Amino acid sequence: MRRGTSKAAAVAATVLPIALLAGCGGGDAPVSGAAPSTVAGVGTVTVAPDGVQEVTLQTQDDYVFTPDHFSVAPGKVRLTVVNVATQATHNFDFTPDAGPAPIDASIPLLAPGERKTIDFDVETAGDYPFQCSFHVQLGQVGTMTVRS
Ligand SMILES: [Cu+2]
């Protein structure tokens, strides 16, 4: 057993609450029936200086991805999923055997307050369904369209 590992974990544990506080920034009054506040830039596909298409999706306690659809051109994609939930742990993967071509990149676990980024390439045009496999039966699904 290496002591360095537990030390790193302790550091991460102290950093996380700071990130959570920063993400809360005021307006956390409960608004029943309304969509939760959305992280800036969510759903907008931008092209980084290195040519990679970047897009951020958000999910929260209501079992939806925001947005549940986005479009990219063939090429490299860098997808970030932010979980602003206080309770729900989600994940992200492309629904197996559902799109025109397999995409193996996935986020196996996304705890409340976490954000994770995956990179992948797309070449074949079409609609690629994605999901949170924990909550697919609650309708936590979406679609990425790769334009031709
Ligand atoms: Cu989920």
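The values are calculated or read from the model by the stated rules, or taken from the named source; none is laboratory data. All of these numbers come straight from a predicted model, not from anything done at the bench. Note that we place each Cβ from the backbone using ideal geometry, even for glycine, and neighbour counts take in every protein chain shown.
Looking at PRO74, is it more than 16 Å from the ligand (Cβ to nearest atom) and either without any contact (Cβ under 8 Å) to a residue 12 or more places away in the chain or in contact with a Gly (Cβ under 6 Å, 6 or more places away or on another chain) (or both)? So PRO74 does not fit the description; no.
Six or more apart or on different chains, Cβ atoms under 9 Å: show the pairs whose first residue is in the stretch 120-148 and on the phi < 0 side of the Ramachandran plot and whose second is of a type in the set (Lys, Arg). Partner pairs satisfying both residue conditions: PHE120/LYS76; PHE120/ARG78; ASP121/LYS76; VAL122/LYS76; ALA125/ARG147.
Inspection of the stretch 81-96 identifies no residue that is at positive phi, surrounded by 14 or more Cβ atoms within 10 Å (Cβ to Cβ), modelled with pLDDT of 95 or more and not acidic (Asp, Glu). For the stretch 97-118, the set of residues classified as more than 16 Å from the ligand (Cβ to nearest atom), buried (at least 19 other Cβ atoms within 10 Å of the Cβ) and under 13 Å from LEU79 (Cβ atoms) consists of ILE103 only.
For the stretch 119-148, give me each residue that is part of a loop (DSSP other than H, G, I, E, B) and within 11 Å of the ligand (Cβ to nearest atom).
From the stretch 119-148, those part of a loop (DSSP other than H, G, I, E, B) are 123-125, 132-135, 139-140, 147-148; that's our starting set.
Correct list: CYS132, SER133, PHE134, HIS135, GLY139, GLN140.
Do we find a residue being modelled with pLDDT under 95, within 11 Å of the chain's Cα centre (by Cα) and of a type in the set (Gly, Ala, Ser) anywhere in the stretch 48-62? No, the stretch 48-62 contains no residue that is modelled with pLDDT under 95, within 11 Å of the chain's Cα centre (by Cα) and of a type in the set (Gly, Ala, Ser). For the stretch 77-96, a residue qualifies if it is more than 14 Å from the ligand (Cβ to nearest atom) and either closer than 13 Å to THR145 by Cα or within 12 Å of the chain's Cα centre (by Cα) (or both), and the qualifying residues are VAL77, ARG78, LEU79, THR80, PHE94.
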